[in-house]
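The values are calculated or read from the model by the stated rules, or taken from the named source; none is laboratory data. Here the structure is a predicted model, which is why all the values come from computation and not from measurement. Positions of Cβ are generated from backbone atoms using ideal geometry, with glycine treated the same way; all protein chains shown enter the neighbour counts.
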């Protein structure tokens, strides 16, 4: 139990440090690499929790696919060696308020939906069939439509990035 706690604190520290570095870095390629370290450390947390499937999906989908997409988008739309310019304080304040509002909404949703998990059974383990049906089902409280909407949004972002890069 002691070793897993130490590994957890090491991974949590890596996630916090590299998250802060990813947000505050002035070089965009470095920020993407810092984000890669955050994603790989998150996969380590999944492995620590013995969720090998989520760990593999985290590495394959996010650390692999999404990071390649980010790097290509950065290389197509911006000179990667240039520093990112500072934003105006007003924009920084508005973005801080938006981030805080998002955090408050997510916290509220998590707090009020924990009772559903407690009703499911605290000591019971949720099986993979139930998770898969929740993620890919089309009934109420299932997430197939948002999953497809996000894939369309990512496709639109790729096309937008290519159009911006083509104008240069």
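The single condition among (1) under 25 Å from residue 147 (Cα atoms); (2) in contact with a helix residue (DSSP H, G or I) (Cβ under 8 Å, 6 or more places away or on another chain); (3) without any contact (Cβ under 8 Å) to a residue 40 or more places away in the chain that residue 73 does not satisfy is (3). Listed by position, the helices (runs of 4 or more DSSP H) contained in segment 1-102 that have at least 1 residues being more than 15 Å from the chain's Cα centre (by Cα) and under 24 Å from residue 161 (Cα atoms) are 2-24, 28-48, 67-77. On the basis of being touching a helix residue (DSSP H, G or I) at 6+ places or on another chain (Cβ under 6 Å), modelled with pLDDT of 70 or more and surrounded by 11 or more Cβ atoms within 10 Å (Cβ to Cβ), does residue 99 make the cut? No; evaluated as a whole, the condition is false for this residue.
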